[in-house]
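Input: a single structure, listed below in C-alpha cells.
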Amino acid sequence: MRTVAEQVPPAGPAVRHSRRTPVSQTSSLTDEVGSTAVDRTGEQAIAGAPQPSTDLSDAAAQRRVAAAQAPLRLMAVHAHPDDESSKGAATLAKYADDGVGVVVVSCTGGERGDILNPRFDQAGIDIPALRLTEMAAAAEILGVAHEWLGFEDSGYHEGDPATWDLPAGCFGALDPAVETEALVRLVRHYRPQVMTTYDENGGYPHPDHIRCHVVSMAAFEAAGDPSAFPDAGEPWQPSKLYYNVGFSKKRMLAINEAVKEATGEGPFDEWLERFAKNDRPDPSARMTTQVPVADFFAARDAALRAHATQIDPDSHWFAVPREVEARVWGTDDYELARALVEAPLPETDLFAGIRP
Ligand SMILES: [Zn+2]
C-alpha cells in the first residue's frame with residue numbers, strides 16, 4: 001500500500017480531505033495521525049484565539065444578517081467544510097474583524113471526507129452531522145457568516161479526470177448551470193464586492209475543487225446579468241475575483257528554512273521533495289496580492305482545529321512556530337483573476353480600488 005504522503009498531492013499539509021477511503025482501509029493514516037485528541041470546545045485551543053460560544057445557531061444567524069448589510073462584503077467560495085480554514089482563513093478573520101461582511105460558501109457538505117483523527121475512527125458516529133457542527137464552530141471562530149450551497153461531496157478521485165467515476169447526483173456530476181444558479185442567488189443576496197475561489201486546477205485536483213472554480217467563475221459573470229437566472233434575485237456584479245494561492249513552493253521553502261534554522265528540523269522537507277518530483281509550476285509565480293494576516297494566525301489555527309474529524313492535530317503544519325511563520329511569511333496570498341476596478345499591482349488589500 002502506498003503511503004498517504006504519496007497519495008496526497010501538494011495542496012495542504014494539514015488537511016487531507018474528502019478522499020473516499022473506507023475507514024477500515026485507513027490504518028496507514030493512523031500512522032501519521034497523532035493520538036492527541038482535539039477538544040473542539042477549546043481545551044487545546046491556541047491562547048488568545050476566540051472560542052466558540054455555546055449557542056452557535058443564534059450567533060450564526062446574526063452574522064448572516066450583519067454580513068449582508070456591511071458596507072464592504074467578501075464572499076469566499078470553497079468546496080468542502082474545512083477548506084475555508086486551510087486556505088485564506090486568516091484573511092477571513094482579519095476582514096471580519098475590520099467590519100467587512102464576510103461570508104463563506106461551502107459548495108458541498110464534505111460527506112465523503114476521510115476521518116483523519118483516530119478519536120472518531122469508531123462505529124456509531126454520525127460524520128455528516130459532525131461536519132455541520134464543526135463548520136459552525138469554525139465560522140464562529142473566524143467571525144464569518146456561513147452558507148451551504150447544498151450539494152453532495154463527490155469524493156476524491158485519482159488520476160485522469162476522464163477516468164473518474166463520480167457518484168450520481170454529486171457536485172462534480174451535476175449540471176453546472178444548476179449549481180451556478182444556486183451560487184448566483186447567494187451572490188445577489190450578499191452583494192460581495194470581492195469573491196475568492198480556486199484556480200482552474202482547483203488548487204488541488206479534486207472534482208469538487210475544480211467544479212468550485214467553474215461555478216464561481218460562472219456566478220461572477222452571471223450575477224450582474226439581468227437576463228441570467230432572472231428568478232435568483234436582483235442582479236449584482238462583484239468587482240474583483242481572486243484565486244487562493246495556498247501552498248506555494250516559495251512560501252513552504254521560506255518557512256521550512258526558517259524553522260530548520262531555529263529547531264534543526266524541516267517540517268516540510270517531505271512536502272518539498274514531493275513538490276520537486278511532481279513537476280508542477282509554483283503557484284507563487286501567479287501571485288498578485290499578499291494580505292498581511294499574521295495577527296490572525298491564532299484564529300486560523302483554531303478554526304482548522306475545529307474541523308476535528310478532518311485534521312491531524314499533530315500535523316507538521318502545527319509544528320511551525322507561529323512567530324517564525326509571522327516573520328518569514330505573514331501573508332495570505334492571492335492571484336487577481338478578474339477585476340472591474342483599477343488598482344495597481346501588487347496589492348496588499350483585496351478591496352484595493354474598491355474602498356471609498
Ligand atoms: Zn476540499
Does the range 318-332 include one or more residues that are over 16 Å from the mean Cα position of the chain (by Cα), of a type in the set (V, I, T) and not in a helix (DSSP H, G or I)? yes
Cβ-Cβ below 9 Å, separation at least six or inter-chain, first residue in the range 274-295 and in contact (Cβ under 8 Å) with a residue 24 or more places away in the chain, second part of a loop (DSSP other than H, G, I, E, B) and among the β-branched types (V, I, T): which pairs? R274/V8; T289/T348; Q290/T348; V291/T348; P292/T348
Filtered residues of the range 194-225 (kept if aromatic (F, W, Y) and either within 14 Å of the ligand (Cβ to nearest atom) or out of contact with any strand residue (DSSP E or B) (no Cβ under 6 Å at 6 or more places or on another chain) (or both)): Y198, Y204
Go through the residues of the range 122-134 one by one and say whether even a single one is surrounded by fewer than 17 Cβ atoms within 10 Å (Cβ to Cβ), touching a Leu at 6+ places or on another chain (Cβ under 7 Å) and of a type in the set (A, V, I, L, M). no
Close pairs from the range 195-219: first closer than 16 Å to S86 by Cβ and at pLDDT 95 or above, partner β-branched (V, I, T) and within 13 Å of the ligand (Cβ to nearest atom), Cβ under 7 Å, at least 6 apart: T196/V77; T197/V77; D208/T108; C212/V77; C212/T197
Subset of the range 333-356 (residues that are part of a strand (DSSP E or B) and at positive phi): none
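The values are calculated or read from the model by the stated rules, or taken from the named source; none is laboratory data. Remember, predicted model here, so these are calculated numbers, not experimental data. Quick reminder, even Gly has a Cβ in these numbers, built from the backbone with ideal geometry, and neighbours come from all protein chains shown.
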